[in-house]
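To start, the structure itself, in structure tokens.
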Amino acid sequence: MKKSYEVIFENNKKWVESKLAENPDFFKILSASQTPEYLYIGCSDSRVSAEEMMGMKPGEVFVHRNIANIVNTLDMNSTAVIQYAVEHLKVKHIIVCGHYGCGGVKAAMTPQDLGLLNPWLRLIRDVYRIHQAELDAIEDENARYKRLIELNVQEQCINVIKMAAVQERYILDDYPIVHGWVFDLETGKLIDLNIDFEEILKNIQKVYDLTNSEWVMSRTNNKNFQ
Ligand SMILES: [Zn+2]
């Protein structure tokens, strides 16, 4: 009897054939190096496929996924990915992408003990606490849930900006820019939350500046004189 996963190898064979039909050197080029312009940090949810929904090809996006697209500097996985993407791949854009209908965010709104998931989901409960006044004022539960998903993206963007590697690379190159997006499962559309990267950077600098410089202020002043 055929095992269900065997279809994956059949698919792979067809994919290799189709790529070679397009370009006989496809894998030669692919294996030579990677120079992605984007780092995508998204949820592990099987319905949110990073490259496919962005129309990107292999080699164009460096990807990190975990439950509810969390960035936490105590998590070696996301920290290493961001550090490598910024310092070595020199990505120009870092995208934190949440999605409506996120089970991780929903679980964090639910008063129950989920064992090992508790410390992870607690990071989303912290987002709720930071924005509690705004969230509690939203009566409709579904609207509140959607807003928490957006605010979670915003807070994870801030966590990316807190990192020294990101701040230092930005001084040198004016990159990377951090973006916050949400994927709407019901329409398939990507929504840009228009995170104001420079403004966030300026606001958090007092506490989170790791560059030992007056760079944000000087950049702001320079712009005023232009
Ligand atoms: Zn999710």
### Message
Can you go through Asn77, Asn72 and tell me which one is in contact with a Leu (Cβ under 7 Å, 6 or more places away or on another chain), surrounded by fewer than 19 Cβ atoms within 10 Å (Cβ to Cβ) and of a type outside the set (Gly, Ala, Ser)?
### Response
Asn72
### Message
Looking only at segment 1-40, how many residues end up being in contact (Cβ under 8 Å) with a residue 24 or more places away in the chain and among the acidic types (Asp, Glu)?
### Response
1
### Query
When only residues in segment 55-83 that are farther than 28 Å from Lys19 by Cα and free of Cβ contacts under 8 Å to residues at least 12 places away in the same chain count, which is nearest to the ligand (Cβ to nearest atom)?
Asp75
### Task
State whether one or more residues within segment 101-115 are outside any helix (DSSP H, G or I), within 16 Å of the ligand (Cβ to nearest atom) and within 30 Å of Glu37 (Cα to Cα).
yes
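I want to confirm something. Restricting to segment 41-54 and keeping residues that are touching a residue at least 40 places away in the same chain (Cβ under 8 Å) and within 16 Å of the ligand (Cβ to nearest atom), which single residue is surrounded by the fewest Cβ atoms within 10 Å (Cβ to Cβ)?
Applying the filter and picking the extreme gives Arg47.
Out of Ile158, Ile94, I need the residue that is in contact with a helix residue (DSSP H, G or I) (Cβ under 7 Å, 6 or more places away or on another chain) and buried (at least 22 other Cβ atoms within 10 Å of the Cβ). Which one? Give the derivation first.
Values: Ile158 fails: buried (at least 22 other Cβ atoms within 10 Å of the Cβ).
Checking each option against the conditions leaves just Ile94.
Read-outs throughout are calculated quantities, based only on the coordinates presented, and are distinct from any laboratory measurement. Quantities reported herein were computed from a predicted structural model and do not represent experimental measurements. In this analysis, Cβ positions are derived from the backbone assuming ideal geometry, glycine residues included, and neighbour counts consider all displayed protein chains.
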